[in-house]
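Each value in this text was obtained by applying a stated rule to the coordinates, not by laboratory testing. Quick caveat: nothing in here was measured; it's all calculated off a predicted structure. A quick note on method: Cβ atoms are made from the backbone with ideal geometry, for glycine too, and the neighbour counts reach across all protein chains shown.
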Amino acid sequence: MKSTTVSIIVAVVLIGGALILTKGGGDNTPIVAANNVSVVDGKQIIVISAKGGYQPRKSVAKAGVPTIIRFDTKGTFDCSSSVRIPSMNISKNLPQTGSTDIDIGSQEIATLQGTCGMGMYPFEVEFQS
Ligand SMILES: [Cu+2]
């Protein structure tokens, strides 16, 4: 009797956990992005690391604030060292190792999309009010 109850509880917990993992690990980008946005001297700085893609893939920042995207590379030999933000006509080659600031001014409420030079690694920055 007791072991049956325990088994049921264990099963419920396992299934519940699996459901949460499935939801969290799906294609949906997490709503809360990594803490990679800071404001220094009135400038908003979004730090994105470029190596085999972009991390975090989605950043959330504030609209209407002068903004810099800082791309960090560290032994980046893949095409993520070539960054593009088509809607702003930005195309930049990053050093294999280093830190590159791209001034994107203050953005309106929208989502800015970027990719590597070949268009296979995406990233995005959501500007909110
Ligand atoms: Cu690429």
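Summing Lys, Arg as +1 and Asp, Glu as -1, what charge do residues with Cβ under 9 Å from the Cβ of Tyr121 carry, Tyr121 excluded?
With Lys, Arg at +1 and Asp, Glu at -1, the neighbours total 0.
With a 10 Å Cβ neighbour count serving as the proxy for reagent exposure, in which order, fewest first, do Phe77, Phe127 appear?
Phe77, Phe127
Give me the number: length gained by fully extending Gln55 to Arg70, i.e. 0.36 nm times residue separation minus the C-alpha to C-alpha distance, one decimal in nm.
Here the answer is 4.2 nm.
Once a ≥ b ≥ c are taken as the square roots of the eigenvalues of the Cα gyration tensor of the stretch 39-78, is the result rounded (a/c under 1.5), prolate (a/b larger than b/c) or oblate (a/b not larger than b/c)?
The shape class here is prolate.
For Ser59, enumerate residues with amide H under 5 Å from its amide H, sequence gap 5+ or separate chain, H modeled in the peptide plane.
Glu124, Val125, Glu126
What is the local net charge at Lys51, summed over the other residues whose Cβ is closer than 11 Å to its Cβ (Lys, Arg +1; Asp, Glu -1)?
Spelling it out: positives minus negatives among the neighbours equals -1.
Please say if the stretch 55-107 is rounded, prolate or oblate, where rounded means a/c under 1.5 for a ≥ b ≥ c the square roots of the C-alpha gyration tensor eigenvalues, and otherwise the choice is prolate for a/b larger than b/c and oblate otherwise?
prolate
Please order Glu108, Glu126 by the number of other Cβ within 10 Å, starting at the fewest.
Least to most surrounded, the residues fall as Glu108, Glu126.
For the stretch 66-82, in order, what is each residue's ³J(HN,Hα) by Karplus, 6.51 cos²θ - 1.76 cosθ + 1.60 with θ = phi - 60°, in whole Hz (x at glycine and Pro)?
Result, rounded to whole Hz: x, 10, 10, 9, 9, 8, 9, 10, 8, x, 8, 10, 8, 6, 6, 6, 10.
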